[in-house]
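Below is one structure, written out as structure tokens; the observations come after it.
Each value in this text was obtained by applying a stated rule to the coordinates, not by laboratory testing. Source: prediction; values computed, not measured. Neighbour counts run over all protein chains shown; Cβ positions are idealised from the backbone, glycine included.
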Amino acid sequence: MIGPPPLPHQATAVAIAGRALMIEGPPGAGKSSLALALIDRGAVLVGDDSLLLATGSGRLLARPHPRTRGLLELRNLGLLPYPACEEAPVALLLTLDPQAPRFIEQADSATRAGIAIPQVRLWPGSPVLALRAEAALRHYGRG
């Protein structure tokens, strides 16, 4: 049985140990910069600022958009090529939010393409944002 066609979605995603960390936030919030820092720490690009979201077996799957596959926008440098994975299950939605709460007891929930996924909001100005993102994925992401 073939599922619904993938939906375009404006977000950035990287895969860490086979699980996608999807990053949302307003323009200029630092989505691509966070992706770059995570790639430097071993993550693999799924897509930058443009993804295709698909569903399968009750999971949300992130795929690179064909128009931007393998490209990461680095401010002041342009669109640069990076290796990209073809698909990864979304384990966590990370929202870059200047009003992010200081403490949380559990992840929020967000729905994308009809699938509920855990969501954590992080303050984009953190000097160790990549470390916080990895910790959020470890503690709140879907297995």
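Here the chain is treated with +1 on each Lys and Arg Cβ and -1 on each Asp and Glu Cβ, and its dipole about the Cα centre works out to around 120 debye.
Taking other C-beta atoms within 10 Å as the exposure proxy, Glu87, Glu134 rank Glu87, Glu134 from fewest upward. Per residue, the average separation of C-alpha pairs within less than 8 Å and at least 6 apart gives the chain a relative contact order of 24 percent. Applying 0.36 nm per residue to the separation of Phe103 and Tyr82 and subtracting their alpha-carbon distance, the gain on full extension is 4.1 nm.
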